[in-house]
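To start, the structure itself, in structure tokens.
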């Protein structure tokens, strides 16, 4: 099974996945967590991102998911190719992104569950990595939602809360319903 949580930066994706991984491991399930790869990208990210950076992130994301997706492992993905494409689309205006977009969209079919976080009306914490500008975060959130809806990608919108146990409960309920 492969699960991704997508959304603009600083919306709790990593924390939700950490709590979800703990819950799944308590059930003696094998879990692999694909972390947010932008943090280890050797190229500029955020508003200064480049085509090379976003391609590196996209290809690394796909490869890591392939490497760990087995029949007995639940792969939890902090982001997906779709959010990566949203950052790329925003920054790269002088390159034809048609094939890159299609690769990102096609890859979305590999997830059993896609969950999207919601941007809350709280200030983003400055972690010395992500841009905390609300207009940038809002733009990425809108782009992700538009990509999902315009391309008829099925997803579950997580509740608008910082209560991570609520998010995990919603996800676990859907996983259980999926099993039956």
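Every read-out reported here was derived from the displayed coordinates using simple, explicitly stated rules and does not represent laboratory data. It should be emphasised that the depicted structure is a prediction, and the values quoted were computed from it without experimental measurement. Don't worry about glycine lacking a Cβ; one is built from the backbone with ideal geometry, like all the others, and counts go over all protein chains shown.
Give the angle, between 0 and 90 degrees and rounded to the nearest 10, that separates the Cα long axis of helix 13-26 from the longest principal axis of the Cα atoms of the chain. It is inclined by approximately 20 degrees.
Ratio of alpha-carbon Rg to the 2.2 N^0.38 Å globular estimate for segment 1-102, to two decimals, please. Intermediate results must be reported in sequence, preceding the final value.
Numbers: Rg = 14.5 Å, N = 102, 2.2 N^0.38 = 12.8 Å.
That works out to 1.14 for segment 1-102.
Going by alpha carbons, how many degrees (0 to 90, nearest 10) lie between the helix axis of 51-68 and the longest principal axis of the chain? Computed tilt is about 20 degrees. Note on residue 162 and residue 90: with the Förster distance fixed at 22 Å, the Cβ-Cβ geometry gives a FRET efficiency of about 0.30. The helix-based estimate of mean residue ellipticity at 222 nm for the chain, built from -39,500 (n - 2.57) per DSSP H run of four or more residues and divided by its residue count, is -15500 deg cm²/dmol to the nearest 500.
Taking other Cβ within 10 Å of each residue's Cβ, how do 136, 115 sort, fewest first? Let's see the in-between values first.
Working: 136 18, 115 22.
Neighbour counts put them in this order, fewest first: 136, 115.
The radius of gyration of the Cα set in the chain, together with its Dmax, comes out at 15.6, 49 angstrom.
Against the chain, whose longest principal axis is taken from its Cα atoms, helix 134-150 shows a tilt of about 70°. Along the Cα-to-Cβ line of residue 178, 7 Å from the Cα, sits a label point; which residues in segment 42-65 have backbone N less than 18 Å from it? The answer is 62, 65. When you restrict to C-alpha pairs under 8 Å that are six or more residues apart and normalise by the size of segment 1-113, the relative contact order lands at 39 percent.
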